[in-house]
Amino acid sequence: MKRPGSLITFAETIKGIELNTTEVKLLVQCITESTFRISSPGASEKHSYSVTDQIHLQAYTLQDSDQNILLSTSKLKLLINKAPVRFKFETPDGTVLSEDDHGLGIIWDEDGVTNYKTLQPGERFFGLGQKTGGLDKAGKQYRNWNTDAYGYTPSTDPLYISCPFFIGMSHARYYGIFLNNHSETTFNFGAANNRFSFFQARDGILDYFFFAGLTPADILKDYTLLTGRMSLPPLWSLGFQQCRYSYYPSEDITRVARSFREKQLPVDVIYFDIHYMQNYKVFTWHEEHFPKPEDTIRTLKELNFHPVIILDPGVKVEEGYDVYEEGLAGDVFLKYPDGVPYHGGAWPGWCHFPDFTRATVREWWAANVEKFAHMGIEGFWNDMNEPAVWGHHVPRILEFDMEGQGGTHREAHNIYGMQMARATLQGAKSGMVNQRPFILTRATFSGGQRDSAVWTGDNHANNEHLMLGAKLVAGMGLSGFPFTGNDIGGFTGDASASLYRRWIAQATFQPLMRAHSMINSKQAEPWSFGEETLEIVRNYLELRYKILPHLYSLFYEATQNGMPPVRSLLFEYGNEWKIFARSFEHQFMLGNDLLVCPIESEISIAKVYLPKGKWYHFLNDTLYEGGMEHFVELQHDTIPLFVKAGGILPMQNTVQHTNEPNDGILRLHIYFGSEGNYSFYEDDGVSYDYENGKFALRQMHLNTNQFEIDKQEGQFISRYHAARLYIHGFKASRVEVNGNAINISKINFRFMPAISNFDPYEAYPDALKEIQDLPYLDIEYTKSTIKIIFLI
Ligand code: MIG
């Protein structure tokens with residue numbers, strides 16, 4: 001056992017502050033005003049797959065006294081106790097954020113390295129990526145080791161993705177810790193003890209970043225500055241996605257696609273799961289099921305579908321199979337220390353596995369992806385990349401390149417999926433000329449948000465998974481992953497109609513809206529659950545396409561500051577303890593203003609918690625008082641949706657797919673309240689031209705009786721010539737637009753149309769209640785600035 005003893009000397013060098021203690025050396029770096037880094041020698045020279053940028057050092061002040069060294073910036077203080085060496089982080093006003101346990105501190109032993117931190121009174125823990133358990137993870141311990149978690153439950157750990165980053169809350173202040181280590185790591189948030197929390201790295205390399213911020217958003221901003229942010233996804237990937245294990249042969253996938261169009265169900269994406277391949281061989285097409293893949297792809301595209309294919313990492317060992325032969329010749333496969341390539345079992349039988357930690361291997365993989373992009377495939381779905389092999393135990397002794405630094409499967413395991421997604425993105429991009437591809441991966445790691453969307457793997461068709469899914473998506477958002485979703489309906493098992501409807505309703509408000517189901521399970525397309533469900537699902541899909549302008553603007557925000565579209569209530573309401581209660585912790589926000597409450601199947605009266613403030617019922621405009629619980633009646637498997645007073649929601653008319661232009665009229669729903677702001681973003685949705693200024697960004701502000709739209713930034717010509725302003729909760733009788741008085745009109749308004757075949761007004765008088773006489777006004781959107789004053 002080894003730990004930092006007393007400080008012998010310290011030196012401020014170009015690397016940072018080097019501490020020399022009786023037993024170990026440590027390096028302290030000030031990275032930004034709100035970020036410090038502490039690492040063991042050599043750690044900062046190791047290649048990090050998570051940290052994107054070159055680390056720059058930030059100025060700080062240093063005060064040296066007998067007992068300690070104090071490093072401070074305007075936002076954060078680090079006190080280094082000298083005997084023994086212990087670290088304590090404080091806010092500038094002296095509130096403790098996190099401190100080493102005085103007796104234990106940092107310990108190196110047979111478990112690797114463990115940093116023990118004193119549990120602060122009432123300390124809470126959030127995020128840590130794709131983790132089960134509550135919103136507040138206090139009292140739990142988690143392990144990071146990417147795992148094919150087929151059959152997982154609401155308490156399984158680990159799952160598919162590792163993200164050793166969490167946000168902590170102590171003394172009502174926030175901090176974040178990112179353990180920059182992709183070997184197996186463990187986080188204890190006060191599990192089975194009342195003394196400490198800890199984080200532990202099995203490889204013995206200590207390297208963590210400490211973030212301080214006034215809000216969780218500040219911390220996420222710093223963390224994503226360090227580990228990167230996603231770039232804008234293609235707009236079509238935010239449409240509805242239909243998957244099945246598997247749609248084949250060719251006639252089957254095109255039949256499903258046609259059915260969507262015939263039944264007028266808005267959709268953009270359809271998937272090819274593993275049966276499109278010949279004997280599951282990656283980068284092949286099945287000769288009988290898909291004899292003319294180009295034709296199938298063309299047919300799908302004519303139907304305005306964007307086809308996505310699955311890619312598994314295992315390459316079948318088979319003489320004469322070109323991908324295998326070329327891989328062998330190019331020396332791309334993982335090997336044992338004696339140079340013999342590794343054989344692992346997967347769908348194709350015995351496979352070799354590419355070493356995605358080598359640049360040339362990523363290029364080889366990318367070249368194969370590129371060929372498929374040239375065929376018209378625009379989306380690539382990376383599966384089985386934990387990596388998963390039959391028997392689940394990839395030998396730890398396999399050797400990896402690790403960007404030339406060398407390593408074994410112990411170090412490479414958790415970033416394997418991430419590097420596969422990176423290689424896939426690389427290939428897709430070079431194969432698609434100035435068009436954005438869509439990459440989806442099952443396994444990844446901190447920083448993987450840069451390359452791909454993720455889903456939560458093989459969930460099950462039950463209520464537990466419906467609710468868990470909402471928490472996982474919000475939890476991943478807190479951890480820097482904005483583009484996430486769950487298999488709608490549940491992957492394994494058979495969803496009831498009610499469960500499916502509730503899942504569709506919930507996923508309408510989640511970033512990735514993908515329905516998927518297991519081979520041999522009941523068919524699970526929207527029409528497989530009866531006519532009534534079909535009508536209801538169509539309503540939700542239409543609503544999804546109406547809110548695309550909102551969703552897309554939220555994705556733009558994710559590219560700018562790392563804020564996820566789906567936001568845990570922690571972001572705004574962390575000081576309201578009810579948000580952590582078991583019955584409310586599934587609730588989430590889509591953006592700042594829209595509150596979504598997931599509800600189990602068959603439930604017709606729901607209990608929700610509305611945070612402080614005033615809230616409008618999204619479907620019927622009833623005003624609710626926040627800071628308390630409410631019971632809400634639910635018809636037709638709707639879910640409770642509320643908009644915050646002061647909220648702004650941009651929408652469009654519904655379209656059948658994202659290739660279909662909207663009608664040029666922006667629907668702006670504004671909800672009376674004292675303050676609301678919105679960044680409304682548009683671009684062409686498909687190319688990278690936005691990087692060269694081809695975007696349209698307009699800031700909107702709502703302040704009681706005044707609504708303003710600022711001048712556009714960027715050179716994209718907006719899709720909208722007019723805006724129809726729906727005014728919710730305003731008492732105004734007159735209005736002035738840029739100084740000119742105009743009339744307020746009234747309209748019978750419904751967010752979701754009635755269920756036509758069933759005539760809800762006969763069968764269910766209250767169903768999807770329309771808003772009676774909603775006031776609105778039409779304005780020219782092309783005016784360079786717009787100022788609206790509501791007058792009584
Ligand atoms: O061993 O490709 O999570 O979505 O449909 C199963 C078949 C492999 C697991 C994925 C699932 C996918 C399935 N895959």
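Summary table below
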quantity: Among Leu104, Leu466, Pro164 the positive-end extreme of the charge dipole of the chain (Cβ point charges); calculated: Leu104
quantity: Packing-based ranking, highest mean first, of 475-485, 617-627 given that Cβ atoms within 10 Å are counted; calculated: 475-485, 617-627
quantity: Residue pairs, from the table Lys711/Lys731; Lys281/Lys301; Lys316/Lys429; Lys292/Lys429; Lys2/Lys131; Lys221/Lys607, whose Cα atoms sit over 29 Å apart; calculated: Lys2/Lys131; Lys221/Lys607
quantity: Segment 637-737 - Debye-derived log10 I(q)/I(0), Cα point model, q = 0.10, 0.19, 0.21 Å⁻¹; calculated: -0.33, -1.04, -1.17
quantity: Förster radius 41 Å - calculated FRET efficiency between Phe631 and Thr153, Cβ distance, rounded to 0.05; calculated: 0.90
quantity: Ser6-Asp93 FRET efficiency (beta carbon distance; Förster radius 30 Å; 0.05 resolution); calculated: 0.55
quantity: Spin-label pair Lys301/Glu403, simplified geometry with 7 Å Cα→Cβ offset, distance in nm; calculated: 3.6
quantity: Charge tally in the Cβ shell below 15 Å around Glu363, where Lys, Arg are +1 and Asp, Glu are -1, Glu363 excluded; calculated: -1
quantity: Under 18 Å from the Ser528 label point (7 Å along Cα→beta-carbon), backbone N, segment 477-498; calculated: 486-498
quantity: Inter-label distance for Ser604 and Leu62, nm, one decimal - labels placed 7 Å from Cα along Cα-to-Cβ; calculated: 7.1
quantity: For segment 56-213, fraction of C-alpha pairs farther apart than 24 Å, in %; calculated: 35
quantity: Ordering of 425-437, 652-664 by packing [mean C-beta count within 10 Å, highest first]; calculated: 425-437, 652-664
quantity: Antiparallel DSSP beta bridges within the chain, percent to nearest 5; calculated: 80
quantity: Ranked by how many other beta carbons lie within 10 Å on average, peptides 590-598, 43-51, 784-792 from highest; calculated: 590-598, 43-51, 784-792
quantity: Label-point gap, in nm, between Thr785 and Glu464 - each point 7 angstrom along Cα→Cβ; calculated: 5.8
quantity: 17 Å Cα-Cα reach of Lys46 towards lysines, excluding residues that sit fewer than 8 places from it in its own chain; calculated: Lys15, Lys25
quantity: Reachable aspartates and glutamates, given that their alpha-carbon falls under 17 Å from the alpha-carbon of Lys644 and they are not under 8 places away in the same chain; calculated: Glu572, Glu576, Asp593, Asp621, Glu625, Glu629, Glu675
quantity: Cross-link reach list, aspartates and glutamates versus Lys783, counting only Cα pairs under 12 Å and skipping chain neighbours closer than eight places; calculated: Glu708, Asp710
quantity: Helical contribution to [θ] at 222 nm, DSSP H n ≥ 4, -39,500 (n - 2.57), averaged over the chain, rounded to 500; calculated: -5500 deg cm²/dmol
quantity: Three-way shape label, the chain, alpha-carbon gyration tensor, a/c 1.5; calculated: oblate
quantity: Exposure proxy order (Cβ contacts within 10 Å, fewest to most) of Val24, Val269; calculated: Val24, Val269
quantity: Entries of Lys546/Lys612; Lys75/Lys578; Lys77/Lys614 with Cα pairs more than 31 Å apart; calculated: Lys77/Lys614
quantity: Total formal charge among the other residues, if their Cβ is under 14 angstrom from that of Glu318, Lys/Arg +1 and Asp/Glu -1; calculated: -2
quantity: Segment 330-446 - Rg and Dmax from Cα coordinates, angstrom; calculated: 14.2, 44
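Bear in mind these aren't lab numbers, they're just calculated from the coordinates by the rules spelled out. All figures in this text were calculated on a predicted structure; none of them were measured in a lab. We place every Cβ from the backbone using ideal geometry, glycine too, and count neighbours over all the protein chains shown.
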